[in-house]
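Trainee: Below are the structure tokens for one structure; questions will follow.
Every read-out reported here was derived from the displayed coordinates using simple, explicitly stated rules and does not represent laboratory data. Computed from a prediction, not measured in an experiment: that's the story for all the values here. Cβ placement follows ideal geometry from the backbone for every residue including glycine, while neighbour counts extend to all protein chains displayed.
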Amino acid sequence: METPEEILNGLSQELRRGTIVMCVLAQLAEPRYGYSLVQRLTEAGMPTEAGTLYPLLRRLEKQGLLASQWETDGAKPRKYYAITPQGTEVYRKLLKQWKEMAETIERITGGEEQ
């Protein structure tokens with residue numbers, strides 16, 4: 001049988017998976033390369049492994065939410081990602097749904113902390 005900590009860890013990972021897209025889209029109003037995005041998310045309190053981020057970036061690009069462009073002028077080539085107009089629309093709708101859900105949860109739980 002799983003311990004409460006193991007159960008909480010699994011549930012927390014599920015919650016993160018559901019919110020990481022929103023966090024990534026929020027950071028890409030201006031183009032960023034993958035590693036800088038990992039750093040930015042970590043500094044903001046959403047630590048993200050490169051092994052999680054890069055497949056997510058590729059999926060979001062395939063869905064048309066991000067566009068990428070290689071920058072080869074620097075010391076090493078970097079692929080920069082930026083949100084597309086469709087990505088901005090999806091982000092705004094996700095954010096609205098998130099806020100509505102947070103308000104609903106607050107009403108249901110009564111804001112209790114245990």
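Trainee: State, to one decimal in nm², a quarter of the convex hull surface area for the C-alpha atoms of the range 58-114, i.e. the direction-averaged projected area. Please report the intermediate quantities before stating the final value.
Mentor: Details: hull surface 26.7 nm².
Reported value for the Cα convex hull: 6.7 nm².
Trainee: Taking neighbour Cβ counts within 10 Å as the exposure measure, how do W70, W98 sort from fewest upward? Write out the running numbers ahead of the final one.
Mentor: Numbers: W70 9, W98 13.
Starting with the residue having the fewest Cβ neighbours, the order is W70, W98.
Trainee: I want to verify the translational diffusion coefficient of the chain in µm²/s; compute it with Stokes-Einstein, Rh as the Kirkwood radius over Cα pairs, at 25 °C and 0.890 mPa s. Before the final figure, lay out the partial values.
Mentor: Details: Rh = 15.9 Å.
Here the translational diffusion coefficient equals 154 µm²/s.
Trainee: Does anyone have the angle between helix 4-26 and the longest principal axis of the chain? Alpha-carbon axes, 0 to 90°, nearest 10?
Mentor: Compared with the principal axis, the helix lies near 40 degrees.
Trainee: Then there is this: Given only helices, namely DSSP H runs of n ≥ 4 each adding -39500 (n - 2.57), what is the per-residue ellipticity at 222 nm of the chain, to the nearest 500 deg cm²/dmol?
Mentor: On the way: 4 runs with 71 residues, N = 114.
One gets -21000 deg cm²/dmol as the mean residue ellipticity at 222 nm.
Trainee: If the cut-off is 22 Å between C-alpha atoms, which lysines fall inside it for K62, apart from same-chain ones fewer than 8 positions away?
Mentor: Within the straight-line limit of under 22 Å, K62 reaches these lysines: K79, K93.
Trainee: Also, I was wondering about something else. What list of ³J(HN,Hα) couplings, whole Hz, do you get for the range 90-101 from phi and the Karplus terms 6.51, -1.76, 1.60, once you set θ to phi - 60° and write x for glycine and proline?
Mentor: So the J values, rounded to whole Hz, are 5, 4, 4, 5, 4, 4, 4, 4, 4, 5, 5, 5.
Trainee: Let me ask you something else. Give, as ranges by residue number, the residues of the range 16-32 whose backbone N falls under 17 Å from the point 7 Å along Cα→Cβ of Q97.
Mentor: 16-26
Trainee: Computed FRET efficiency, Cβ-Cβ of A44 and M1, R0 35 Å: what is it to the nearest 0.05?
Mentor: Values: r = 35 Å, r/R0 = 1.01.
Efficiency for this residue pair is about 0.50.
Trainee: Can you tell me the FRET efficiency between L15 and W70 if r is taken as the Cβ-Cβ distance and R0 is 35 Å, rounded to the nearest 0.05?
Mentor: Details: r = 34 Å, r/R0 = 0.96.
Rounded to the nearest 0.05, the efficiency is 0.55.
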